[in-house]
């Protein structure tokens, strides 16, 4: 993965973010700092509900930090921008547009490329994600996996500086998920964008990542950052390699520690959880 | 006729037998037959309803109907309904969009709208005399008023209930403010806007009938009321039926237009 412009570096600097509900104020993120290197694939992993989506929202500019800074290429984030593109949990395709028109939406809105060029790109991307025969279908006519693939194409056509993936394959069955990961790997390895991928699946995290950031449970902070030195291009078969297993063991250990701490903190039956995780 | 033609015809009849002549159809017809039967029995065997014409009498009245005359009345009512409906749409839709889209507009407009809304539209009839001198304008104002609230409310609701991820996604794609409204918010709210229009056209029919009964300026409402004053009750019921039919047809029209507008919703 080469990044000629060396753009798309995201810096989280001492970010604190609290969410007010009716009565209480929950601190979702507490003095959280990390760097997403430009042109690389960084994966955030942490227990569900630990504030991963908040991180995505902060970088995308949908939310603002209460304290600290979110910098993209040295410039503080002030609001949404088409250089930072989010792919959401579950599909957010426009249901009133066909698959093809969904993909064309971005280029036609920003007009950074001509209609002909956009059309060429859209067809190429849809072919790459295996949707060439479904271009004229509406999202509701597609299966869950197809919708996600359409969404990938819709995001990638904009060549964003930063791609923010918020558990994009969540809720898919295991087979489809694996297929999606392969499609995604192929697309990522050709793209020059910075990718930030959020997940709660260890396997997925290691398979995709250049760098893995493990978050603590609420309030989220960086627990550990880890370079994933598996060779590229990667395929699902890498999940059988020795190096993968070593990495997985390391990650599991760190996550386990965190889970125990979380359960102790909340005063739940920590013995059960401990023994459960060890088996 | 060739063999394949024969095959096609037999297939056609098989389809008809399967889809049209079945228990579901029989039950549906039975529903109507039972209704007419209950009507007849109530009229003929109870003292309470004995003055009401039987279905048979109403059916007989159909042949005495002055077709040319009734079409003129239908046309008059329809013009009033459509006039009020479209004025309601032209004013109500942008207002609903504004209230749903902008918080400031919401605070400025919505409380007043909410204050007036609970008043049943028919209660406005006396006041309209002060608004307009011409009876035609009075009636159209009333139909407009009937259409206005369902359109405003449903447009507003449709817009405020748009899945937040859609405008967010659109923002990530660099859409302009105007593009956001035209290309994202309005299409997303379209189903509910059409629901509002369907409710609205029903209420405009309600309003036109009420207004015409009072105004004596022609139209189906007047026509029914006139036959009531001369005690021709089969005609009254016939008129009621025609009003119902017109209302239903208008509703179907909106459905058809809605389906054209929202192809993505009827793909199955």
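In the list B:139, B:193, B:104, which residue meets the criterion of being surrounded by fewer than 18 Cβ atoms within 10 Å (Cβ to Cβ), modelled with pLDDT of 90 or more and part of a helix (DSSP H, G or I)?
B:104
Within segment B:218-235, identify whether any single residue is within 14 Å of chain A (Cβ to nearest Cβ), part of a helix (DSSP H, G or I), surrounded by fewer than 20 Cβ atoms within 10 Å (Cβ to Cβ) and in contact (Cβ under 8 Å) with a residue 40 or more places away in the chain, and answer yes or no.
no
If you take the residues in segment A:175-196 that are out of contact with any strand residue (DSSP E or B) (no Cβ under 7 Å at 6 or more places or on another chain) and farther than 15 Å from residue A:233 by Cβ, which one is surrounded by the fewest Cβ atoms within 10 Å (Cβ to Cβ)?
Selected residue: A:175.
If you go through segment A:123-149, how many residues are surrounded by 18 or more Cβ atoms within 10 Å (Cβ to Cβ), more than 11 Å from every other protein chain (Cβ to nearest Cβ), under 22 Å from the mean Cα position of the chain (by Cα) and not in a loop (DSSP other than H, G, I, E, B)?
Result for segment A:123-149: 7.
Pick out the one residue from B:94, B:187 that is within 14 Å of chain A (Cβ to nearest Cβ) and free of Cβ contacts under 8 Å to residues at least 12 places away in the same chain.
Residue meeting the stated conditions: B:187.
Could you say which residue among B:170, B:248 is in a helix (DSSP H, G or I) and within 13 Å of chain A (Cβ to nearest Cβ)?
B:170
Let me confirm something: among A:112, A:103, A:162, which residue is free of Cβ contacts under 8 Å to residues at least 60 places away in the same chain, buried (at least 18 other Cβ atoms within 10 Å of the Cβ) and closer than 19 Å to residue A:193 by Cα?
Of the residues listed, the single one that is free of Cβ contacts under 8 Å to residues at least 60 places away in the same chain, buried (at least 18 other Cβ atoms within 10 Å of the Cβ) and closer than 19 Å to residue A:193 by Cα is A:103.
The values are calculated or read from the model by the stated rules, or taken from the named source; none is laboratory data. Since this is a predicted model, take the numbers as computed values, not measurements. In this analysis, Cβ positions are derived from the backbone assuming ideal geometry, glycine residues included, and neighbour counts consider all displayed protein chains.
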